[in-house]
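Structure record follows, encoded as structure tokens.
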Amino acid sequence: MSTCDTNRRILKNLNVSQFEMVDIKHENITEDVLDYAKTRLGSYLKLFNTKCLLYRDIPQEKRPKRDIGYRKFILSHYTYLKRPVIIDGEKVFSGSEKENLIALETFFAENYPK
């Protein structure tokens, strides 16, 4: 289970028992899964955690300039991946922003009622 309090709070409110949980601290996201999520969301930036300390410590000139650069960062260290990432077939949710959580809760209420 996640050690992130935000992830635990989000997952607690959803019926995720039938989902496979992956602890990305121990098993980084695969290229195939990352690329699939990007295809569904439209960009790697939507999967990138710009609030993490590692990113904030990178000088501006060394930060990704194009979408493919975000992919390389995400694959290099788990902390660059915005969390949680939930994939259910064609639907992909990424991050804990309010609008994402509303969409996620609506999706689960309609498809996985408690």
Using a simple spin-label model with points 7 Å from Cα along the Cα→Cβ vector, what separation in nm is obtained for Thr50 and Glu27?
-> 3.1 nm
Tell me what the chain gives for mean residue ellipticity at 222 nm when only DSSP H runs of n ≥ 4 count, each as -39,500 (n - 2.57), the sum divided by the residue total, rounded to 500 deg cm²/dmol.
-> -12000 deg cm²/dmol
Kindly report the accessible area of segment 53-114 per residue (heavy atoms of protein chains, probe 1.4 Å, no ligands, DNA or RNA), in Å².
-> 65 Å²
Kindly provide the pair-distance distribution of the chain built from C-alpha pairs, with 10 Å bins from 0 and whole-percent values in order of increasing distance.
-> 13, 46, 33, 7, 1
In segment 40-104 the accessible area split gives carbon plus sulfur, as whole percent at 1.4 Å, a share of 52 percent
Phi to ³J(HN,Hα) by Karplus 6.51 cos²θ - 1.76 cosθ + 1.60 over segment 4-20, Hz, x for Gly, Pro = 7, 4, 4, 4, 4, 5, 5, 5, 4, 7, 10, 8, 9, 4, 8, 8, 7
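Express the relative contact order of segment 1-111 as a whole percentage, based on alpha carbon pairs under 8 Å and six or more residues apart in sequence.
Computed value for segment 1-111: 27 percent relative contact order.
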In µm²/s, what is D for segment 64-114 at 4 °C and 1.567 mPa s, where D = kT/(6 pi eta Rh) by Stokes-Einstein and Rh is the Kirkwood radius from Cα pairs?
-> 104 µm²/s
Could you sort Arg66, Arg9 by accessible area so the largest value comes first, with the probe set to 1.4 Å?
-> Arg66, Arg9
Convex hull around the C-alpha positions of segment 2-44: the volume in Å³ per residue is 107 Å³
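The values are calculated or read from the model by the stated rules, or taken from the named source; none is laboratory data. Just so it is clear, the model here is predicted, and its values are computed rather than measured. Backbone-built Cβ (ideal geometry, glycine too); neighbour counts: all protein chains shown. Just the protein is used for accessible areas: all its heavy atoms, side chains included, with ligands, DNA and RNA removed. Shrake-Rupley method; radii C 1.70, N 1.55, O 1.52, S 1.80 Å.
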